[in-house]
Amino acid sequence: MKQIVDKFIESKKDEMLKDLSLLIKYESTTDNLEENIACLKALNNLAKAKGFTTKTTKNNDVLIIEMGEGKETLGILAHLDVVDTGDLEKWETDPFEAVIKNNYIYGRGTEDDKGACVMSLYAMEAVKNLNLPFKRKVQLIIGTKEEEEWTDIAHFKEEYHVPDFGFSPDGSFPIYNEEKGYADVVLLFKEEGIVELKAGESYNTIPSKAEITLSNKQKIVAEGTSAHSSMPEKGDNAISNLSEKLLKTEEAKNKSFVLFINDYFSHNSFGEKLLRDKDEDCESRTTLVPTVLSLTEEGIKLVINIRHNMGITYEDIFNAFEPLKTKYKFTFNIEGCLNPMYVDPGLFFLEQMDNVQKEYKIKGGFKAASGSSYAKSMNNFVSWGPVMENEESTAHMENERLSMDTMILATKIYAYYIYKMAIKEGE
């Protein structure tokens, strides 16, 4: 049966690329409601054309594509919303126009997470076309607010039954049964003497460019390298770089936000002075990074994105910032705080998942993720693929891209797992 599934997917490569190219055309950044609804509708049409049953939430922010029947449901959680493009000058291609070169498909959302939506749809189609009886229902649940506050998943939970177990194809192989927690701390500084200030748009992306115009008309620009905020070591934070430059100017060196950033995030450090892990032997430490710096009507807005390990609580985060607000003259709010996630690797559905990935020569086993995915939103969900373990992840970066070989291999893995878990084998 594995060979039948594999051959089906191999025969669909051109169709998959065509469908992914269609989805990339939609500028479905998280805050663009109209484009997200249009993109969701396009995927809905693709699913209906393949004979799937579909439905949506009342707000049209989640699409559910399903097949099969049974007392239990296997869920697949993916999303169509994307982060902003970053610095357009750093893109080699139009971010909203799919371009294929060197066996990669370029475009915003190819890896995170439109590519995974297409892979999951074709994996389901491969199993559906076997025309075998099901022992479990399968649902592909597509959201539109993953890159922000998960109001879409909240709406889904209000209207539909939550699947019993599953995965989110929104990371890397092997299986990530642990994820760090997530929080955004939004600070507001009352400052004068600044005409323009802009760095970053997405709370979960390290910005690659930051620029400021001071009241003396001096303009300062700092460059960097974008990266997913859960992997700050892969980037070069333009906000930190800008603050280091401002510290050398007479006009801005004493401004509170400049002092704060330099005291805790200079030289691209990750906020160790603010918040430290209780277990100092943990494999991947808690990180805090500035991701947005902008001038608003209320003052200077600074967003600190936090990825915290087990043992760190909301109260710990609050207590890290509260004692500093008088010294640095800021107010702050904590938004979107999510606890770290852990799923027992001994559960049956994960044992089967591990067996399947090993059949496709994936090293196998379980790891802890530095990022966050929809897997946190439901019990017994993990993050699984589609990026291969030793492959560079380009999520949230300029020139985001997906290997076509990875697209086909990951789709085969997902299809065979769906077959193993949802079909009555031997009948």
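Data overview
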{"quantity": "The stretch 249-261 - phi-based ³J(HN,Hα) in whole Hz, Karplus 6.51/-1.76/1.60, Gly and Pro as x", "calculated": "9, 5, 5, 10, 5, 9, 5, 4, 5, 5, 5, 4, 4"}
{"quantity": "Charge dipole (the stretch 79-198, unit charges on Cβ, about Cα centre) - positive-most of PRO95, PHE134, TYR182", "calculated": "PHE134"}
{"quantity": "Neighbour-count order for CYS337, CYS117, fewest beta carbons within 10 angstrom listed first", "calculated": "CYS337, CYS117"}
{"quantity": "Label-point separation in nm, GLN352 to GLU69, each point 7 Å along Cα→Cβ", "calculated": "1.9"}
{"quantity": "Alpha-carbon centroid distance for the pair the stretch 265-293 / the stretch 193-207, whole angstrom", "calculated": "20"}
{"quantity": "Relative contact order for the chain, counting Cα pairs under 8 Å that sit 6 or more residues apart, in percent", "calculated": "25"}
{"quantity": "Burial order of peptide ranges 127-137, 34-44 (average beta-carbon count within 10 Å, highest first)", "calculated": "34-44, 127-137"}
{"quantity": "The chain - share of DSSP beta bridges that are antiparallel (%, nearest 5)", "calculated": "75"}
{"quantity": "Placed amide H near VAL382: partners under 5 Å, 5+ positions off or other chain", "calculated": "GLY166, PHE167, SER168"}
{"quantity": "Backbone N under 15 Å from the ILE100 label point (7 Å along Cα→Cβ), restricted to the stretch 404-419", "calculated": "404-409"}
{"quantity": "Cβ crowding within 10 Å averaged over residues, with 13-22, 251-260, 201-210 ranked highest first", "calculated": "201-210, 251-260, 13-22"}
{"quantity": "Förster radius 51 Å - calculated FRET efficiency between GLU192 and ASN129, Cβ distance, rounded to 0.05", "calculated": "0.20"}
{"quantity": "In order through the stretch 81-87: 3J(HN,Hα) via Karplus (6.51 cos²θ - 1.76 cosθ + 1.60), integer Hz, x for Gly, Pro", "calculated": "6, 10, 7, 5, 7, x, 7"}
{"quantity": "Sequence-distant residues sharing a close amide H with GLY271 (under 5 Å, placed H)", "calculated": "LEU288"}
{"quantity": "Burial order of peptide ranges 298-306, 75-83 (average beta-carbon count within 10 Å, highest first)", "calculated": "75-83, 298-306"}
{"quantity": "Violating pairs (Cα-Cα greater than 18 angstrom) within the set LYS2/LYS114; LYS190/LYS327; LYS50/LYS128; LYS2/LYS420; LYS255/LYS329; LYS13/LYS41", "calculated": "LYS2/LYS114; LYS13/LYS41"}
{"quantity": "Assigned charges on the beta-carbon of Lys, Arg, Asp, Glu; the stretch 1-96 dipole about Cα centre (debye)", "calculated": "740"}
{"quantity": "Ellipticity estimate at 222 nm from DSSP helix runs (n ≥ 4, -39,500 (n - 2.57)) divided over the chain, nearest 500", "calculated": "-9000 deg cm²/dmol"}
{"quantity": "Residues whose placed amide H lies under 5 Å from that of VAL62, excluding near-sequence neighbours", "calculated": "THR57"}
{"quantity": "Cα-centre dipole for the chain with unit charges at Cβ (Lys and Arg positive, Asp and Glu negative), debye to 20", "calculated": "660"}
{"quantity": "Rounded if a/c under 1.5, otherwise prolate or oblate - the stretch 1-108, Cα gyration tensor axes", "calculated": "oblate"}
{"quantity": "Phi to ³J(HN,Hα) by Karplus 6.51 cos²θ - 1.76 cosθ + 1.60 over the stretch 338-344, Hz, x for Gly, Pro", "calculated": "10, 6, x, 10, 8, 10, 4"}
{"quantity": "Extension gain from LEU17 to SER294, taking 0.36 nm per residue of separation minus the Cα-Cα distance", "calculated": "96.0 nm"}
{"quantity": "On Cα atoms only, tilt of 33-49 relative to the major axis of the chain in degrees", "calculated": "10"}
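Computed from the coordinates by the stated procedures, all read-outs in this text should not be read as laboratory data. Since the model is a prediction, treat every value here as computed from it, not as a measurement. Please note: Cβ atoms are built from the backbone with ideal geometry, for glycine as well, and neighbour counts cover all protein chains shown.
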